[in-house]
1. Looking at (1) in contact with a helix residue (DSSP H, G or I) (Cβ under 8 Å, 6 or more places away or on another chain); (2) in contact (Cβ under 8 Å) with a residue 24 or more places away in the chain, find the lone condition where residue 25 falls short.
2. Is it the case that some residue within region 166-179 is touching a helix residue (DSSP H, G or I) at 6+ places or on another chain (Cβ under 8 Å), assigned to a strand (DSSP E or B), small (Gly, Ala, Ser) and buried (at least 22 other Cβ atoms within 10 Å of the Cβ)?
3. Is it the case that residue 44 is buried (at least 17 other Cβ atoms within 10 Å of the Cβ) and either in contact with a His (Cβ under 6 Å, 6 or more places away or on another chain) or modelled with pLDDT of 90 or more (or both)?
4. Before we move on, is residue 388 modelled with pLDDT under 90, farther than 20 Å from residue 169 by Cα and either over 24 Å from the mean Cα position of the chain (by Cα) or not aliphatic (A, V, I, L, M) (or both)?
5. How many of the residues making up region 127-141 are surrounded by fewer than 19 Cβ atoms within 10 Å (Cβ to Cβ) and in contact (Cβ under 8 Å) with a residue 12 or more places away in the chain?
6. From the list 400, 355, pick out the single residue that is at pLDDT below 95, of a type in the set (Asp, Glu) and more than 28 Å from residue 171 (Cβ to Cβ).
7. Can you tell me which of (1) surrounded by 24 or more Cβ atoms within 10 Å (Cβ to Cβ); (2) touching an Asp or Glu at 6+ places or on another chain (Cβ under 6 Å); (3) farther than 23 Å from residue 427 by Cα is the one residue 195 doesn't meet?
8. Within the group 327, 311, 332, 362, which residue is closer than 30 Å to residue 67 by Cβ, surrounded by fewer than 24 Cβ atoms within 10 Å (Cβ to Cβ), of a type outside the set (D, E, K, R) and modelled with pLDDT of 90 or more?
Amino acid sequence: MTLNTGFYLQIYTFITLILCGLVQYFTGMQAVLWLPFCLALVMVGLLVMQTRDGTQGLDDQETIILAVYCSFLALVGLSTLIQGGPVVAIIAFKNEIGLSLVMICLLLGFCRESQIYRVTRCLYWVFFAQIPVMFYQVFFVVPQRVALLGEDEKWDSVVGTFGGDPMGGGNTAAMGLFCLLIMLLKLSEYKHGLTTIKSLVLHIILGLGLCIIGEVKFVILLSPLFLAWVWVTPGYVKDISKVNLKALLVIILGMVLLITLAIVILASFYSAAFGTDPTQSSLSVFWESLSYIFDPNYILSTGELGRFTTLFFWWENNDLLGISGTLFGYGLNATNSGSSVSPGFLNLIYNLILDSTSLSMLLWEVGVIGTVLFIGLFIFILKVTQAKPVLRLEQLDQQDLQLVSFAPAYNAFVISCLLSIPYSQILMITPMLQFLFYLSLGCSLVIRRTVLRSVESLYEQ
């Protein structure tokens, strides 16, 4: 049976990145976050049902990816079943790694390359949908939050369509990383001669502006670095891979200006909210807002551990059940602090919130071996999908060129998500970011396969 799987993936994208977050934000309905996972299961079913002529098998690298993925699933699945039971296993799989099925489906041929192109174009529509929603949040929700919680608690309400609790915090980091993805895609398009400088500047200003409004410091600081990386890294097309000294200097200058502007704006926000010393420089104010991250003994009154504190605490207490707990962990969901249905038992034992970062969650739940498999899998995919200039410009039509231009941006976005692992928990608990992460990995694999087929056909001719 031949199915329009590309259209399904487009609908999946809009539901996950717009509908689910808005429903959660405005109604408080948490059950809606099951929808992306259910759609991933349907995606698997559609993959099994469809038939296509000319389908090719996996090459050696793709086989390794599938084998490592299955090994990781077997490890964490067995550990979770033994220690938590089937109900906990299902909830945990949905919460933390269920959307990885999107990547595997794309690896196994769920979509054609032309459909990947259309799905990527949909992301731009999702990006522009953030603007009116965030304006509403800034002018209507933020004043309510400030009145209820105070001036220093105003930022977490501005999340676009990425969901959360208006009065309790939201997925600002996921929204910020999505803005980063859009900026990277647009820059890569410009590098390949597919868009204008005006369009590029507009998307970067809007993306960075949304990050400033949402106070996404991680993206603000790192976005110039990733933009520079996309600009200087080779693509699949030979003719546009060279970067001259002038371009590098412009990039460096742009990086400095962007970071400086963002720091000044955020520092002014902090000064107004916290009443800091007016003689302090913007950099000092901004750095003070980050200092808690590096404190190895930072514990809030709520029991939440600081970023570095989570690692030190795991290092001192990881052998609760002996060496097996260190190596293989205590099962998925063991650190879950946000569920009333299935709370993590480790949080109950220590009376602390242990899932402040994705790295802490991985170390506690899947152990050292599982963490190495999880992160190692994505590093290997990045290595496999690293673009090499093997195509010439005259060989490609407009749509093909557009498709291959996306590859460096997707890879850079995946790296940014991996860098968030020791800093934030979002990659393990936020379905919107999980979907974008695994979609990016899957798209990179599809683009790679398309390029390899094109090169092989040229050699045959």
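The values are calculated or read from the model by the stated rules, or taken from the named source; none is laboratory data. Keep in mind the model is a prediction, meaning the values are calculated, not measured. Every residue, glycine as well, gets a Cβ built from its backbone with ideal geometry; the counts of neighbours run over all protein chains shown.
1. So the condition that residue 25 fails would be (1).
2. Yes; the residues of region 166-179 include at least one that is touching a helix residue (DSSP H, G or I) at 6+ places or on another chain (Cβ under 8 Å), assigned to a strand (DSSP E or B), small (Gly, Ala, Ser) and buried (at least 22 other Cβ atoms within 10 Å of the Cβ).
3. Working: buried (at least 17 other Cβ atoms within 10 Å of the Cβ): no; either in contact with a His (Cβ under 6 Å, 6 or more places away or on another chain) or modelled with pLDDT of 90 or more (or both): yes.
Spelling it out, it is not the case that residue 44 is buried (at least 17 other Cβ atoms within 10 Å of the Cβ) and either in contact with a His (Cβ under 6 Å, 6 or more places away or on another chain) or modelled with pLDDT of 90 or more (or both).
4. Details: modelled with pLDDT under 90: yes; farther than 20 Å from residue 169 by Cα: yes; either over 24 Å from the mean Cα position of the chain (by Cα) or not aliphatic (A, V, I, L, M) (or both): yes.
Yes: the conditions hold for residue 388.
5. Step one: filter region 127-141 for residues surrounded by fewer than 19 Cβ atoms within 10 Å (Cβ to Cβ), giving 128-129, 131-132, 135-136, 138-140.
Now narrow it down to the ones that are in contact (Cβ under 8 Å) with a residue 12 or more places away in the chain: 129, 131, 138.
Number of matching residues: 3.
6. Criteria check complete, one pass: 400.
7. Unmet for residue 195, out of (1) surrounded by 24 or more Cβ atoms within 10 Å (Cβ to Cβ); (2) touching an Asp or Glu at 6+ places or on another chain (Cβ under 6 Å); (3) farther than 23 Å from residue 427 by Cα: (1).
8. Working: 311 fails: modelled with pLDDT of 90 or more; 332 fails: surrounded by fewer than 24 Cβ atoms within 10 Å (Cβ to Cβ); 362 fails: surrounded by fewer than 24 Cβ atoms within 10 Å (Cβ to Cβ).
Residue meeting the stated conditions: 327.
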